[in-house]
Amino acid sequence: MAFEPDPSAPVARLVEVFERLARTGMADLPIANPALRVEAVGFVAWDSEWVGVLITPWAVNLMVLPGQPEVSTNTGLDGGAIQSRRFPSGVYGFRTGHIDGLGVYQSCSLFSPPGEFADQDAARAVALEIMGLLFQLEAALAPPPVQVSRRSFLRGRFGGPG
């Protein structure tokens, strides 16, 4: 099967499945943030897969979806294996899962529970920022080295020139 060039199908399945989860039990969890709803944010093609952020009332996760359609006949959620995945910004651990109607996916927890978000707009803004940072080179994310003059070094001042 070929790579799905349009993320709308797998992302629509993702949202549909997690909206169903939200309606059938997750919404009543004490960790659920009632100000949030299920939303897929910023999905892009990466290495023949789809990567983006999934906002739910109970968690905000970085998600990886296969680039090929995959719907299994298994019931419930399986998996749990953790796989390291490299992005330009670094290496992150993703837990493998499976849900009927979606198939296999991988998730990296960003906020769980997502209590710090006052509303959906705030969660969406953070999700978009995360997607931008994910694809920045690791070196670009590191703080610049502090320049210390020889004189400052010898005087024990390591905060910069002087």
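Brief remarks on what is shown
- Inclusion of PRO34 among residues that are farther than 21 Å from ALA125 by Cα and part of a loop (DSSP other than H, G, I, E, B) is not warranted.
- VAL51, sole failed condition from (1) buried (at least 19 other Cβ atoms within 10 Å of the Cβ); (2) part of a loop (DSSP other than H, G, I, E, B); (3) hydrophobic (A, V, I, L, M, F, W, C): (2)
- Of the residues making up the stretch 77-131, those that are of a type in the set (Ser, Thr, Tyr) and exposed (fewer than 14 other Cβ atoms within 10 Å of the Cβ) are SER84, SER109, SER112.
- For the stretch 3-31, the candidate set comprises residues that are assigned to a loop (DSSP other than H, G, I, E, B) and acidic (Asp, Glu); within that set, the residue that is farthest from TYR105 (Cα to Cα) is ASP6.
- Across the stretch 72-88, not a single residue is classified as of a type in the set (Val, Ile, Thr) and at pLDDT 90 or above.
- Output for the stretch 108-119, where each listed residue is more than 13 Å from LEU54 (Cβ to Cβ) and not acidic (Asp, Glu): PRO113, GLY115, PHE117, ALA118
- Scope the stretch 32-46; condition closer than 19 Å to LEU102 by Cβ and out of contact with any Gly (no Cβ under 8 Å at 6 or more places or on another chain); matching residues: ARG37, VAL38, GLU39, TRP46
- Selection of first residues in the stretch 28-56 that are in contact (Cβ under 8 Å) with a residue 24 or more places away in the chain and of second residues that are among the small types (Gly, Ala, Ser) and part of a loop (DSSP other than H, G, I, E, B), restricted to Cβ pairs under 8 Å at least 6 apart or on distinct chains, gives the following pairs, ordered by first then second residue: ILE31/SER112; ILE31/GLY115; ASN33/GLY115; ALA35/ALA118; ALA45/GLY67; SER48/GLY67; TRP50/GLY67.
The values are calculated or read from the model by the stated rules, or taken from the named source; none is laboratory data. Quantities reported herein were computed from a predicted structural model and do not represent experimental measurements. Methodologically, a virtual Cβ is constructed for each residue, glycine included, from the backbone with ideal geometry; neighbour enumeration extends over all protein chains shown.
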